[in-house]
Amino acid sequence: MVDEEYVKSIFSLLESHLGKDRIYLVGGSSRDLLLKRDFNDFDFATTLTSNQINESSLGTLFKLDFSFKKFGIVNFNYEGNHITLATMRKEGKYTDSRHPSYIEFITSKEVDSCRRDFTVNSIYLDSNLVAYDPQGGLADLEDKVIRMIGDIPTRMNEDPLRMIRALRFSLELGFTLEEKLKEYIFAHLSLLGLLNPSKIEEEIKKTDKEKQHELINLINGKINFR
């Protein structure tokens, strides 16, 4: 079971190679830590670029994967866990319902948070596990609400896969969808037709096995959402 002390030990390891105050636990990782849920995918936002990470001493200990370097993402494995280091970024408009037209690497957590999907996935924890919460995610964790960051139609048209992610998080966490988000999703499920079916299947497979059938039925409109 992942706990605060274990997360702090990973911070300590990373900061010994990359420097202090340059790395933040974020996304589903910070959300699940705050909810005391177990996880083995550690997502870190960093002010460092992939080139800077490549030039650091981290690569002397781990085999770093730079396959997604153009997105500012570096991956490696540690003690059976998957570690992702993602350079904070600002994104341009989405032109293909999946990818931004450009990426600009930045050092602002607030700007980086605007590209994230839901408020509960935009909480940044530093090495002392102090939270930086630019989108109000802590309140939504407390209220058990899935709320979209930004304008719902714009964000969903950027990437319709976010509709499935919203449903998945709601099912897995036992959270309710913000009412206007729920209304939009079930009025626009046809947008999923813009996606490669393999992407939909991949997202479904990420779901807890006991919830997969329910998620599939929701996507297909066979059952009503609470």
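Quick note: the coordinates plus some simple rules give every number you see, no bench work behind them. Quick caveat: nothing in here was measured; it's all calculated off a predicted structure. Cβ atoms come from the backbone with ideal geometry, glycine included; neighbour counts cover every protein chain shown.
Around ASN40, under 12 Å between beta carbons, what's the net of Lys plus Arg minus Asp minus Glu among the other residues? Intermediate results must be reported in sequence, preceding the final value.
On the way: positive: ARG37; negative: ASP32, ASP38, ASP41, ASP43, GLU79.
Charge balance near ASN40 sits at -4.
From the Cα gyration tensor of segment 4-139, with a ≥ b ≥ c the square roots of its eigenvalues, which class applies: rounded if a/c is under 1.5, or else prolate if a/b is larger than b/c, or else oblate? Please report the intermediate quantities before stating the final value.
Working: a/c = 1.63, a/b = 1.08, b/c = 1.50.
Judged from the Cα gyration tensor, segment 4-139 comes out oblate (a/c at least 1.5, b/c at or above a/b).
With a 10 Å Cβ neighbour count serving as the proxy for reagent exposure, in which order, fewest first, do MET1, MET163 appear?
Ascending number of Cβ neighbours within 10 Å: MET1, MET163.
Put a dot 7 Å past each Cα toward the Cβ at GLU15 and TYR102; how far apart are the dots in nm?
3.5
Under a point spin-label approximation (7 Å from Cα along Cα-to-Cβ), what is the ASP41-LYS90 distance to one decimal in nm?
The two pseudo-label positions are separated by 2.8 nm.
If you take every DSSP beta bridge whose two residues both sit in the chain, what share of them, in percent to the nearest 5, is antiparallel?
Values: 18 of 26 bridges.
Counting DSSP beta bridges with both partners in the chain, the antiparallel share is about 70 percent.
Can you give the extra length, in nm with one decimal, that the chain gains between TYR132 and GLU201 once fully stretched, where that is 0.36 nm per residue apart less the Cα-Cα distance? Intermediate results must be reported in sequence, preceding the final value.
Working: separation 69, 0.36 × 69 = 24.84 nm, distance 3.31 nm.
Difference between extended and current length: 21.5 nm.
Quote the FRET efficiency, to the nearest 0.05, computed for ASN217 versus ASN75 with a Förster distance R0 of 25 Å and r equal to the Cβ-Cβ distance.
Taking R0 as 25 Å, the efficiency between ASN217 and ASN75 is 0.15.
Quick check on packing: order 54-66, 108-120 by the mean number of other C-beta atoms within 10 Å, highest mean leading.
Working: 54-66: 13.3, 108-120: 20.0.
For the peptides 54-66, 108-120, the packing ranking is 108-120, 54-66.
On full extension of the chain, what length is gained from GLU4 through GLU210, given 0.36 nm per residue of separation minus the C-alpha to C-alpha distance? Before the final figure, lay out the partial values.
Details: separation 206, 0.36 × 206 = 74.16 nm, distance 2.75 nm.
So the chain would gain 71.4 nm between GLU4 and GLU210.
Would you work out if segment 144-219 is rounded, prolate or oblate? Take a ≥ b ≥ c from the square roots of the eigenvalues of the alpha-carbon gyration tensor; rounded if a/c is under 1.5, else prolate when a/b is larger than b/c, oblate otherwise.
Values: a/c = 1.84, a/b = 1.10, b/c = 1.67.
The shape class here is oblate.
For every helix of n ≥ 4 consecutive DSSP H residues, a contribution of -39,500 (n - 2.57) applies; sum these over the chain, divide by its total residues, and give [θ] at 222 nm rounded to the nearest 500 deg cm²/dmol.
Numbers: 10 runs with 90 residues, N = 226.
Value at 222 nm, helices only, nearest 500: -11000 deg cm²/dmol.
Place a point 7 Å from the Cα of SER56 along the Cα-to-Cβ direction; which residues of segment 118-138 have their backbone N under 16 Å from it?
From segment 118-138, the list is 125-128.
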